Amino acid sequence: MTATDERSHLIAPVGGVGGPTLPQERRLVTEVPGPRSRALAARRASAVASGVGSVLPVYVETAGGGVIVDVDGNSLIDLSSGIAVVSVGNAAPAVVDGVQRQAAAFTHTCFMVAPYEGYVQVCEALAEVTPGDHAKKSALFNSGAEAVENAVKIARSATGRDAVVAFDHAYHGRTNLTMAMTAKTMPYKQGFGPFAGEVYRAPMSYPFRERSPITGAEAAARAIDVIDKQVGGGNVACVVIEPVQGEGGFVVPAEGFLPTLAEWCRSRGVVLVADEIQTGFCRTGAWFACEHEGVVPDLVTMAKGLAGGLPLAAVTGRAELMDAPHAGGLGGTYGGNPVACAAALGSIETMQKLDLAESARRIEQQMVPRLRELAGRYPAIGDVRGRGAMIAVELVRPGTTEPDAALTGAVSAACHAAGVVTLTCGTYGNVLRFLPPLVIPEHLLDDALDVLEEAFATCAR
Ligand SMILES: *Cc1c(COP(=O)(O)O)cnc(C)c1O
């Protein structure tokens, strides 16, 4: 079977389910946005708080596999996966099936009131798929930010220390503690302080933006020096790091950075938390991005790719750390909701059965050569980077590293108008990122890359 065949059969029609039967094609039948989307935008303007933004100008009617169909009947190619969430494809059959069956049985009891098997099953599955063969336990929550908050609670409880170390360009969420841990002020923090205390920031390894080439081990030594001098290793409860940064610009640290940092954490009794909320669940071509460098974190935070679109998050880690907080110290009304757990089991099963880590590696092989070729023609593309199906291009003024956020926005808008859903990111707003569903058919991804090429032809010099 060819790669196309393997990826295409996933979205073959299944009885009674709407999403996955959708034709896997880009099809524009109106201008984008069309009249129905424009009418909804007008209603939204008077009903929805303007602090809540949207990337796309269209409103969604249905979605399946690698396409999103809007209320005007336009079929758009999805290179966002709802920010790395629907990696198994939108409305994936096993997710829909699990959700329907669970919703018909019971929708909520609260695991802290009356527990159920689905929660336990998800925790068993997480112990299996996360890095390391040590004894592991898990706790389930609703959002990524909540998972990060709880990882910090667990690390503080286990170590009896206060300090939390995060990195330049980091993104960990929008709650008070995770805002403090997030690096970028606009739009995440501006006007929302004061922020939680005892959060310290260390320099990241960002190869494209180093003044002179430095190895991963040297970049780690630079970070460790800052931590030692400004915080003191013995005061640090946890170091929290995204093994490939997400919102910060798909920054892949230089090889050796993560292992050196992990070794330092081990030697100082510091809990290493890998925030795999964006990188997890096959996205980077491995189940978790830490695996690319053989790093075994003490705690892993997960959310986005976990449950095929249902809100579910988790902290999984060393059993003795996870058991540090007193009984009743962790939890929440909705954490580990049974319908979300059923979705997660369907999503994890899909990833295992279809080997979606391998699909992510094939997507990298399909995308990176074309993006490098494009970079050869457009010097505004300063860097092509990423792992698996988490790939980005960083746009700059040709011949410099000076960010070009305007061009990034223009290229992205041109893609939207032509029916391809792209996202931007980066501390400087100058990174175009691509997060296709891992089940995207090869022909659809090729078509999306053609559109991207046309967008550069129109917008770039
Ligand atoms: C999205 C994200 C979060 C926050 O997750 P939410 O579910 O939006 O709260 C935290 N860390 C990383 C790395 C993320 O990508």
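The values are calculated or read from the model by the stated rules, or taken from the named source; none is laboratory data. Just so we're clear, the structure is a prediction, and the values are computed from it rather than from any experiment. Glycine gets a Cβ as well: all are built from the backbone with ideal geometry, and neighbour counts include every protein chain shown.
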For the stretch 242-261, which residues satisfy the criterion of being farther than 11 Å from Y206 by Cβ and of a type in the set (G, A, S)? G246, G256
How do the pairs read when you match residues in the stretch 140-162 that are within 16 Å of A319 (Cβ to Cβ) and hydroxyl-bearing (S, T, Y) with residues anywhere that are at pLDDT 95 or above and surrounded by fewer than 24 Cβ atoms within 10 Å (Cβ to Cβ), using Cβ under 6 Å and keeping only pairs 6 or more apart or on different chains? S157/A324; S157/P325
Does P311 satisfy the condition of being crowded, with 24+ Cβ neighbours inside 10 Å and either modelled with pLDDT of 95 or more or within 11 Å of the ligand (Cβ to nearest atom) (or both)? no
Determine, yes or no, whether A166 is within 14 Å of the ligand (Cβ to nearest atom), in the same structural domain as V295 (by TED's automatic domain parsing) and in contact with a Lys or Arg (Cβ under 7 Å, 6 or more places away or on another chain). yes
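Within the stretch 122-136, can you find the residues that are outside any loop (DSSP other than H, G, I, E, B) and either within 12 Å of the ligand (Cβ to nearest atom) or in contact with a Cys (Cβ under 7 Å, 6 or more places away or on another chain) (or both)?
Passing the criteria: only V122.
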Given the conditions (1) more than 24 Å from A360 (Cα to Cα); (2) within 15 Å of the ligand (Cβ to nearest atom); (3) among the small types (G, A, S), which single one is not true for G248? (1)
Looking at E149, is it out of contact with any strand residue (DSSP E or B) (no Cβ under 7 Å at 6 or more places or on another chain), within 16 Å of the ligand (Cβ to nearest atom) and not hydrophobic (A, V, I, L, M, F, W, C)? yes
Looking at S87, S138, S81, S54, which one is polar (S, T, N, Q) and loosely packed, with under 14 Cβ neighbours inside 10 Å? S54
Say whether the condition of being touching a Phe, Trp or Tyr at 6+ places or on another chain (Cβ under 8 Å) and surrounded by fewer than 17 Cβ atoms within 10 Å (Cβ to Cβ) is met by at least one residue in the stretch 174-181. yes
Does at least one position in the stretch 380-399 carry a residue that is out of contact with any His (no Cβ under 9 Å at 6 or more places or on another chain), β-branched (V, I, T) and farther than 29 Å from E453 by Cβ? no
Limited to the stretch 183-199, what total is found for residues that are without any contact (Cβ under 8 Å) to a residue 60 or more places away in the chain and either surrounded by 18 or more Cβ atoms within 10 Å (Cβ to Cβ) or not assigned by TED's automatic domain parsing to the domain that holds A262 (or both)? 1
Just checking, how many residues over the stretch 272-288 are of a type in the set (G, A, S) and either within 10 Å of the ligand (Cβ to nearest atom) or more than 14 Å from the chain's Cα centre (by Cα) (or both)? 2
Return the total of residues in the stretch 248-267 being closer than 19 Å to A237 by Cβ and in contact with a strand residue (DSSP E or B) (Cβ under 7 Å, 6 or more places away or on another chain). 3
Suppose we filter G191, G173 for residues that are over 22 Å from R266 (Cα atoms) and touching a Gly at 6+ places or on another chain (Cβ under 6 Å); which single one remains? G173
Residues that are touching a strand residue (DSSP E or B) at 6+ places or on another chain (Cβ under 8 Å) and either surrounded by fewer than 24 Cβ atoms within 10 Å (Cβ to Cβ) or outside the structural domain of E394 (by TED's automatic domain parsing) (or both), drawn from the stretch 426-438: G426, Y428, G429
Restrict the check to the stretch 319-328 and report whether at least one residue is among the small types (G, A, S) and not assigned by TED's automatic domain parsing to the domain that holds S143. no
Residue by residue through the stretch 370-411, note down the ones that are acidic (D, E) and without any contact (Cβ under 8 Å) to a residue 60 or more places away in the chain. E373, E402, D404
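Quick one: which strands (runs of 3 or more DSSP E) sit completely within the stretch 46-119 and have at least 1 residues that are over 26 Å from the mean Cα position of the chain (by Cα)?
The strands (runs of 3 or more DSSP E) meeting that bar number zero.
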Residue pairs within 7 Å by beta carbon, gap of at least six or interchain, first lying in the stretch 268-290 and farther than 24 Å from L310 by Cβ and touching a residue at least 60 places away in the same chain (Cβ under 8 Å), second within 12 Å of the ligand (Cβ to nearest atom) and among the hydrophobic types (A, V, I, L, M, F, W, C), listed first then second, are C290/A274
